[in-house]
Structure formats: C-alpha cells, structure tokens
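Colleague: This structure is in structure tokens; I'll ask about it shortly.
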Amino acid sequence: DVQPKHVKRYAGLADVAQSALAGYAEEVRSRAFPTKEHSFSMDKAALKALSETA
C-alpha cells in the first residue's frame, strides 16, 4: 500500500470492499442474485405501451 504522507487513514476498508464486491460478483455469476425480492416487474400491457412511445 502506497499512502501519501499528507493522507490520514481513518479505516482500512479496502479488504471489506473487495470481499463485498467478490461476493456480489459470485452471486450474479451463479444467478443467485437478483431474485424477485430484489427486482421490479411491469405489467405486459404497460411495457408494450412504453416500448411503443420510444
């Protein structure tokens, strides 16, 4: 770790952030995330109407 002299480290978050991102990436790759609990749905008629306006 290179830390400039004028920088004060208040917390070592690099390992925590890296672990969280690795966990997220693994869940996405294995299709464990997102689930319906973490998603939104749209009525098919509303989706069709929206796509026709674009």
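For every residue, the table says whether it meets (1) outside any helix (DSSP H, G or I); (2) of a type outside the set (Gly, Ala, Ser); (3) more than 26 Å from the chain's Cα centre (by Cα); (4) loosely packed, with under 10 Cβ neighbours inside 10 Å.
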position	(1), (2), (3), (4)
Lys5	yes, yes, yes, yes
Tyr10	yes, yes, no, yes
Gln18	no, yes, no, no
Ala22	no, no, no, no
Glu27	no, yes, no, no
Arg31	yes, yes, no, yes
Leu47	no, yes, no, no
Leu50	no, yes, no, no
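Colleague: Then there is this: Taking His38 and the conditions (1) under 12 Å from the mean Cα position of the chain (by Cα); (2) surrounded by 10 or more Cβ atoms within 10 Å (Cβ to Cβ), which numbered condition does it fall short on, given that it satisfies the others?
Modeller: Of everything listed in (1) under 12 Å from the mean Cα position of the chain (by Cα); (2) surrounded by 10 or more Cβ atoms within 10 Å (Cβ to Cβ), His38 misses just condition (2).
Taken together, the values in this text are just the output of simple stated rules run on the coordinates, not laboratory data. Remember, predicted model here, so these are calculated numbers, not experimental data. Every residue, glycine among them, receives a Cβ derived from its backbone with ideal geometry; neighbour counts consider all protein chains shown.
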